Amino acid sequence: MEVIILCGGTGTRLMPLTKNKHKALVEVDGKPIIEWQLRWLQKYDIEKKNVILACGHMLESLKNYLGNSVKYSIEKEPLGTGGALKQAMRLIKDDEFLVFNVDDLNNIDLGELKRIGSNSICVANPRSPFGVVELQGNKVTGFIEKPLLEVWVSMGIYLLNKDIIKMLPDKGSLEKEVFPKIDLKAYKHEGYWHTINNIKQAQAFDAEAFKKALDF
């Protein structure tokens with residue numbers, strides 16, 4: 001399986017950890033984020049040579065770390081998720097490929113995802129960042145610390161068919177401009193999912209929990 005990792009963002013919310021390097025190289029529990037992602041892919045025999053990084057900002061730091069072990073789709077200007085994907089797809093050979101963001105870690109079963117088929121979006125129940133207070137009038141009747149919410153949200157992970165390139169903008173949003181126009185299937189993930197959008201989330205990453213989730 002070929003993989004496109006969308007990593008064109010500047011990592012502003014992870015400053016100062018991203019002051020001198022790409023956000024994919026921010027270390028969480030001793031290893032760069034990208035290394036943990038490659039470890040997940042390795043479980044499904046996906047080699048680095050089949051990974052394409054859609055990037056532009058802090059490109060040299062990525063190349064210094066990964067060298068030519070992966071492929072690069074280089075944005076001269078920010079293209080948005082739709083434009084970045086369209087450009088990166090020029091390096092894709094397979095009919096079906098995986099796409100995800102660089103700042104998420106999960107243990108999605110790629111075999112199960114492939115069984116659902118192309119144009120699938122992975123969804124999960126998010127955990128509330130706040131404690132939920134149960135009320136009757138103005139009386140507190142219960143308190144639940146950071147529960148899972150009973151809604152499904154996009155994990156930013158997609159299994160797509162190459163025919164989607166016909167609908168992709170040269171510059172714009174995959175989520176806003178393309179997905180509303182196509183039939184998507186949902187893969188409901190109830191396992192491990194940890195986003196790394198800010199320093200607090202980076203510090204909260206537990207490598208042992210992730211390795212256990214991957215059964216490594």
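The values are calculated or read from the model by the stated rules, or taken from the named source; none is laboratory data. All figures in this text were calculated on a predicted structure; none of them were measured in a lab. Neighbour counts are summed over all protein chains in view; Cβ atoms, including those assigned to glycine, are modelled from backbone coordinates with ideal geometry.
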Verdict on P78 being assigned to a loop (DSSP other than H, G, I, E, B) and under 22 Å from L174 (Cα atoms):
yes
Looking at S69, S73, can you tell me which residue is modelled with pLDDT of 95 or more, surrounded by 15 or more Cβ atoms within 10 Å (Cβ to Cβ) and farther than 19 Å from L105 by Cα?
S73
Restricting to region 118-151, name every residue that is at pLDDT 95 or above and under 30 Å from I34 (Cα atoms).
S118, N119, S120, I121, C122, V123, A124, N125, V151
Within region 147-162, the count of residues that are farther than 12 Å from L85 by Cα, aromatic (F, W, Y) and part of a strand (DSSP E or B) comes to 0
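Which one of N161, N106, N119, N198 is at positive phi and either surrounded by 11 or more Cβ atoms within 10 Å (Cβ to Cβ) or touching a Ser or Thr at 6+ places or on another chain (Cβ under 8 Å) (or both)? I'd like the intermediate steps shown before the answer.
Working: N161 fails: at positive phi; N106 fails: at positive phi; N198 fails: at positive phi.
Checking each option against the conditions leaves just N119.
Out of L38, L53, report the one residue that is crowded, with 20+ Cβ neighbours inside 10 Å and assigned to a helix (DSSP H, G or I).
On the way: L53 fails: assigned to a helix (DSSP H, G or I).
When all the criteria are applied, what remains is L38.
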Specify the residue that is farthest from the chain's Cα centre (by Cα); the eligible residues are those in region 174-200 that are over 13 Å from W36 (Cβ atoms) and polar (S, T, N, Q).
N198
If you check K93 against the conditions, is it assigned to a loop (DSSP other than H, G, I, E, B) and either hydroxyl-bearing (S, T, Y) or out of contact with any Asp or Glu (no Cβ under 6 Å at 6 or more places or on another chain) (or both)?
yes
Restricting the search to region 36-78, which residues are among the hydrophobic types (A, V, I, L, M, F, W, C) and either in contact (Cβ under 8 Å) with a residue 60 or more places away in the chain or closer than 23 Å to E96 by Cα (or both)?
W36, L38, W40, L41, I46, V51, I52, L53, A54, C55, V70, I74
